[in-house]
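This report concerns only the one structure given below.
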Amino acid sequence: MEKTELRLMNSRLRELLLRYWDFPLFESLLRMHQIDLSGTSVLDAGCGTGYSLTLIAKRFRPRELTGIDIIPSQVEKARSRSTFATVRVGDITALDIPSQSFDAVFLLEVLHHTQDWRAALSEVARVVKEDGVLILEEPGNIQLRLERWALGSSGSLEASVRTGFSLRHLRSEMPANGLRLVDSRRLYFGLSRVFLCVKDAPVKKQHAT
């Protein structure tokens, strides 16, 4: 991620949007589907400076909270916040985490910055427990075009073009990773979209008799 992108992700505006727009929507979706994260184990994959970790801790009261980010300076900032979360450097395309470790995973505007976003989705789905939830937030085509226009030739955003990232392709990858789409809502007047997925148990093959 280039410096301009990093500044936008770390900006006060982004924090305000998370606090007053994104997380109220996440909370509403979970409540609507009778999903309670209190007392659970939660991963924030791509936690940045850790502001989202503080919101997860405050709104959902998990028993265990983990944050990972690929940028060491972001991890240091996240560790400096007064949360009980365990935060470490990690690559979401190759997580050093056992399968089915978390009841819930938050993955917020990370995939379109990731060169191999399909591998990242597969890895994140792997560490979600059966019947656990994945909360995904990603920009649509219009927002991606606006970001590319504003930031110019950005490495990670151009990578999303080469690897074919789009909300349509993201939806199509979910079933292959055992993710069942439960709900989907527009965010920022349709510029972004939030997906609530449940990790289904693998289908057992029937042996011929």
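The values are calculated or read from the model by the stated rules, or taken from the named source; none is laboratory data. A quick note: this is a predicted structure, and the numbers were derived from the prediction, not measured. Reconstructed Cβ throughout: ideal geometry from the backbone, glycine too, with neighbour counts over all protein chains shown.
Yes or no, residue by residue, for (1) crowded, with 19+ Cβ neighbours inside 10 Å; (2) at pLDDT 95 or above; (3) assigned to a loop (DSSP other than H, G, I, E, B):
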residue: Pro62; (1), (2), (3): yes, yes, yes
residue: Gly67; (1), (2), (3): yes, yes, no
residue: Val75; (1), (2), (3): yes, yes, no
residue: Phe84; (1), (2), (3): no, no, yes
residue: Val87; (1), (2), (3): yes, yes, no
residue: Thr93; (1), (2), (3): no, yes, yes
residue: Asp103; (1), (2), (3): yes, yes, no
residue: His112; (1), (2), (3): yes, no, no
| message | Can you list residue pairs whose Cβ atoms sit under 9 Å apart, with the first residue in the stretch 27-41 being among the hydroxyl-bearing types (Ser, Thr, Tyr) and the second being in a helix (DSSP H, G or I) and crowded, with 17+ Cβ neighbours inside 10 Å? Count only pairs 6 or more apart in sequence or on different chains. | response | Ser38/Phe60; Thr40/Phe60
| field | Filtered residue count, the stretch 86-118, keeping only those that are aromatic (Phe, Trp, Tyr) and touching a residue at least 60 places away in the same chain (Cβ under 8 Å) | value | 2
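Consider the stretch 19-37. How many of its residues are farther than 23 Å from Ala125 by Cβ and either among the polar types (S, T, N, Q) or buried (at least 18 other Cβ atoms within 10 Å of the Cβ) (or both)?
Total satisfying the criteria: 1.
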| remark: Reported set for the stretch 74-117 where residues are among the acidic types (Asp, Glu) and closer than 26 Å to Leu144 by Cα is Asp91, Glu109, Asp116
| task | Being within 16 Å of the chain's Cα centre (by Cα) and touching a residue at least 40 places away in the same chain (Cβ under 8 Å) is the filter here, so list the residues in the stretch 183-203 that pass it. | result | Asp183, Arg185, Leu187, Ser192, Arg193, Val194, Phe195, Leu196, Cys197, Val198, Lys199
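Could you grab me the full set of residues in the stretch 39-60 that are of a type outside the set (Val, Ile, Thr), assigned to a loop (DSSP other than H, G, I, E, B) and crowded, with 21+ Cβ neighbours inside 10 Å?
Within the stretch 39-60, Gly46, Cys47, Gly48, Gly50 qualify.
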| Could we say that Val124 is among the β-branched types (Val, Ile, Thr), closer than 16 Å to Phe195 by Cα and in contact (Cβ under 8 Å) with a residue 60 or more places away in the chain here? | yes
| Of the residues that make up the stretch 181-202, is at least one of a type in the set (Asp, Glu), loosely packed, with under 15 Cβ neighbours inside 10 Å and modelled with pLDDT of 95 or more? | yes
| task | Sort out which residues of the stretch 10-31 are modelled with pLDDT of 95 or more and outside any helix (DSSP H, G or I), and write them in order of number. | result | none
| Which one of these does Arg145 not meet: (1) at pLDDT below 95; (2) part of a helix (DSSP H, G or I); (3) in contact with an Asp or Glu (Cβ under 9 Å, 6 or more places away or on another chain)? | (3)
| message | Suppose we filter the stretch 162-188 for residues that are of a type in the set (Gly, Ala, Ser) and not in a loop (DSSP other than H, G, I, E, B); how many remain? | response | 3
| Quick check, is Asp36 under 16 Å from the mean Cα position of the chain (by Cα) and not hydroxyl-bearing (Ser, Thr, Tyr)? | no
